[in-house]
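For reference, the structure discussed in these notes is given below.
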Amino acid sequence: MSFFFEVLISGLLAGVMYSLVALGFVLIYKASGVLNFAQGSMVLFAALTFVSLLEKGWNFWAVLVVTLLAMLVLAIVIERVVLRPLVNQPQITLFMATIGVSFFLEGFAQALWGTEVHGLELGIPDKPFEFMGMMISQFDIVAAGLSGVLVASLALFFSKTRIGRALRAVADDHQAALTVGIPLQTIWVIVWSVAGLVALVAGLLWGSRLGVQFSLTLITLKALPVLILGGFTSVPGAIVGGLIIGGSEKLAEVYVGPYVGGAIEDWFPYMFAMLFLLVRPEGLFGEKRIERV
Amino acid sequence: MKNNLLISAIAGILSVGSVVSNAAEEQFVPIPIYRTGPYAAGGAAVFGGFMDYMAMLNARDGGINGVKLTWEECETAYKPDRGIECYERMKDHPPTGAAMFNFLNTPMTYAAMERTDKDKIPIVSIGYGRADSADGRVFPYVFPLATTYWNQTTTKIKFIGAKEGGMDKLKGKKIAHVYHDSGFGKETIPVLEALAKKHGFTVQHYPVAHPGLEQKAVWLQVRQQAPDWVILRGWGVMNPTALKESKRIGFPTDHIVGVWWSGSEEDVIPAGDAAKGFITAAFHPGGKEFGVIKDVEKFVYEKGNGAVDKKIIGSIYYNRGIIHGILNTEAIRSAQEHFGKKALTGEQVRWGLEHLTIDEAMLKKLGAEGFLSTMKTTCEDHEGSGKVRFQQWDGTKWNSVSDWITPDYELTRPMVEASAMQYAKEKGVTPRDCSKEK
């Protein structure tokens, strides 16, 4: 029985890490109603910038600030060059634009910082400790804690502040938001900057687990079922979705995998999310779409 | 990196220009590189070493017997469809077409095999590709030089046997096989099963879903099995993740033996301390102390040229590129001995690949003693009966921890032949009669 709980806990901890990536998607979706295809590339760009500057011998905190500034500049450029010309365009147009941003960022990050794989040591201990006969990773506990704090802060920020309300208005209708005096461009810059911050935190935590390398862009594969389950517009939904996906995929791999050839971790969450969609298309915490005829 | 790209671009333009001006004296070698995408670090370094070796031959010797080597890059991003596009674009490159293709990509190699056979251009797959293509009777245009994955696997078991105090000590041992869930990863399962039967150990297989970002569930199962050794058949990001997870379950790293695609600096640096003690198979060492590497530094980098950042010279991937350079160009040299000292067609280079002898004297002449195992290809044996050694990561560099180990050809050759014949039957290929070609 303790093995079952060990698998479940490790899955839940992994799930929080998935939530962190999913969060970046949620932020952009809330502001523009668009799935940001470039979120994975932003994670790569942020982590590569951070680790490359760190390897030049810069101070950790200075590197952190400079990388955050880089993400802010990136947000401004994306707003000016990509989003502003597309105001009030169909969502599919904005989605296609984020695909373009994604390819650009992948190439730009590698051209700027090189293709080498980098190790990243954040000083978080990565040794397991024993708890009631189970081996729990210290790194996973710390990473989950950090992710939890970030998610809770952002949930509060977007539900209790004027910016949060403005953001919801923008997501609902660009044109109407502009009419009532909400500065659309500023909101977009803020949201993309916050998504950049989330990308940096995700990049650092995932980068210290996997190494900072191109494969960081692939962590978005883990975030998509979380979004489907938790809802594209809910910050708490991202964390609950992450926990469910993380726990279920690990249990499925261990207890179902051996009967179907194993390695089901990649497709099981998608199948699970798809079944969930049949019952609740808007996700656990997503806003129910009501349209007047 | 930007400088490297610029240098490569200029080199490419110059090489194309020289083809036009002096076509008859030049041999074209295509470079289907991947400088972008998830495996860019490996693609840029291996192909970089390959191009540097050819540049060194041009600068030092004026090419091969007076025939200059030219090359052109085509970016594949490790995608098979783009690899095929590159193949079609470069196969008829003047003056004599592509000498051979090195895809450095198993799926691409599989995808191109029937085309290259038809176009009479050899594929050289050094340390990768399908194992049964070692049977030259069925696969006349494929050359899995060094050793195949199957033979490499037999040397892993020999290495583990030696560590346990003898092959007889393997009886009753438990081995966990953690593999990338792909054609590459699954390829060695039949050989491991055959070895388990032969030596009396048990083997449990654990597939890891691509790309291998999350492996907790797999390693928790490994811990439950409590194996004596783990054989890791990883690729890309799966490797550092596996090492970190193995440490979390408390498995001793020096009892994990990886494939040689787990054995580069890029595979272990991201894992930090978790990689210390990790052992992998290898068909060449890292380091810059070899004459051949010194010549590349002298004739290429000291003149301000070169395809990679200088700091990666001597890395595992870079040295693998040098090996690619040596084997491909020596095959051209071998073919020139037969067809004359001129630019050759792919079909003629194929002959050279099939009559390639790398012996101790040649290794000495090449400045590659200890850098590469001896090998000799024949019509039947496109692998060349190479050998394998093992290396261990000490936290900063790979150190050799074994001598060259001869694979268990007695076990694998019948399996290679059976699998090749099955392929021939499925594809309607009539195997060559090698006795008539001698």
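Tabulated data
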read-out: Cα gyration tensor category, rounded, prolate or oblate, for chain A with a/c compared to 1.5; value: oblate
read-out: Debye log10 I(q)/I(0) at q = 0.07, 0.09 Å⁻¹ for chain B, Cα point scatterers; value: -0.32, -0.54
read-out: For the range A:23-160: rounded, prolate or oblate by the Cα gyration tensor [a/c cutoff 1.5]; value: oblate
read-out: Accessible surface of chain B [probe 1.4 Å, protein heavy atoms]: carbon and sulfur percent; value: 53 percent
read-out: Highest-first arrangement of B:219-226, B:88-95, B:290-297, where packing means the average Cβ count within 10 Å; value: B:290-297, B:219-226, B:88-95
read-out: For the protein assembly as shown: rounded, prolate or oblate by the Cα gyration tensor [a/c cutoff 1.5]; value: prolate
read-out: Simple Cβ-charge dipole of the range A:2-279, Lys/Arg +1 and Asp/Glu -1, about Cα centre, in debye nearest 20; value: 880 debye
read-out: GNM flexibility winner over chain A from A:I239, A:I92, A:I78 (Cα, springs under 10 Å); value: A:I92
read-out: Where B meets A: accessible area buried, both sides, 1.4 Å probe, Å²; value: 3300 Å²
read-out: Chain A, relative contact order [Cα under 8 Å, separation at least 6], %; value: 36 percent
read-out: Protection-proxy order for peptides B:98-107, B:192-201, each taking the mean of Cβ atoms within 10 Å per residue, highest first; value: B:98-107, B:192-201
read-out: Over chain B, relative contact order from alpha-carbon pairs under 8 Å, at least 6 apart, %; value: 20 percent
read-out: Inter-centroid distance (Cα atoms) of the range B:377-406 relative to the range A:186-259, Å; value: 40 Å
read-out: Among the listed pairs B:K173/B:K288; A:K56/B:K303; B:K118/B:K365, those beyond 31 Å (Cα-Cα); value: B:K173/B:K288; B:K118/B:K365
read-out: Within 10 Å of each Cβ in A:264-271, the average number of Cβ atoms from other chains; value: 3
read-out: Positive-end residue of A:F268, A:L146, A:L72, charge dipole of chain A with Cβ unit charges; value: A:L72
read-out: Pairwise FRET efficiency - A:L122 versus B:H338, Cβ, R0 = 60 Å, nearest 0.05; value: 0.55
read-out: Helix-only mean residue ellipticity at 222 nm for the protein assembly as shown, each DSSP H run of n ≥ 4 adding -39500 (n - 2.57), per residue, nearest 500; value: -17500 deg cm²/dmol
read-out: Shielding by partners, peptide A:202-212 (average Cβ within 10 angstrom, other chains); value: 4
read-out: Dipole-positive endmost among B:L145, B:P80, B:Y110 within the range B:30-181 (Cβ charges, Cα centre); value: B:L145
read-out: Which of B:G42, B:S133, B:V300, positive extreme of dipole for chain B (C-beta unit charges); value: B:G42
read-out: Accessible area per residue in Å² at 1.4 Å probe, computed on chain A; value: 43 Å²
read-out: For the range B:92-145: relative contact order, % (alpha-carbon pairs under 8 angstrom, 6 or more apart); value: 34 percent
read-out: Contour minus Cα-Cα distance for B:K174 and B:K364 (0.36 nm per residue); value: 64.2 nm
read-out: Contour minus Cα-Cα distance for A:Y255 and A:I92 (0.36 nm per residue); value: 54.7 nm
read-out: Electrostatic dipole magnitude of the protein assembly as shown [Cβ: Lys, Arg +1; Asp, Glu -1; Cα centre; debye, to 20]; value: 840 debye
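The values are calculated or read from the model by the stated rules, or taken from the named source; none is laboratory data. Values in this document were obtained by computation on a predicted structure and should not be read as measured data. Please note: Cβ atoms are built from the backbone with ideal geometry, for glycine as well, and neighbour counts cover all protein chains shown. SASA here: full protein model, heavy atoms, side chains in, ligands and nucleic acids out. Shrake-Rupley method; radii C 1.70, N 1.55, O 1.52, S 1.80 Å.
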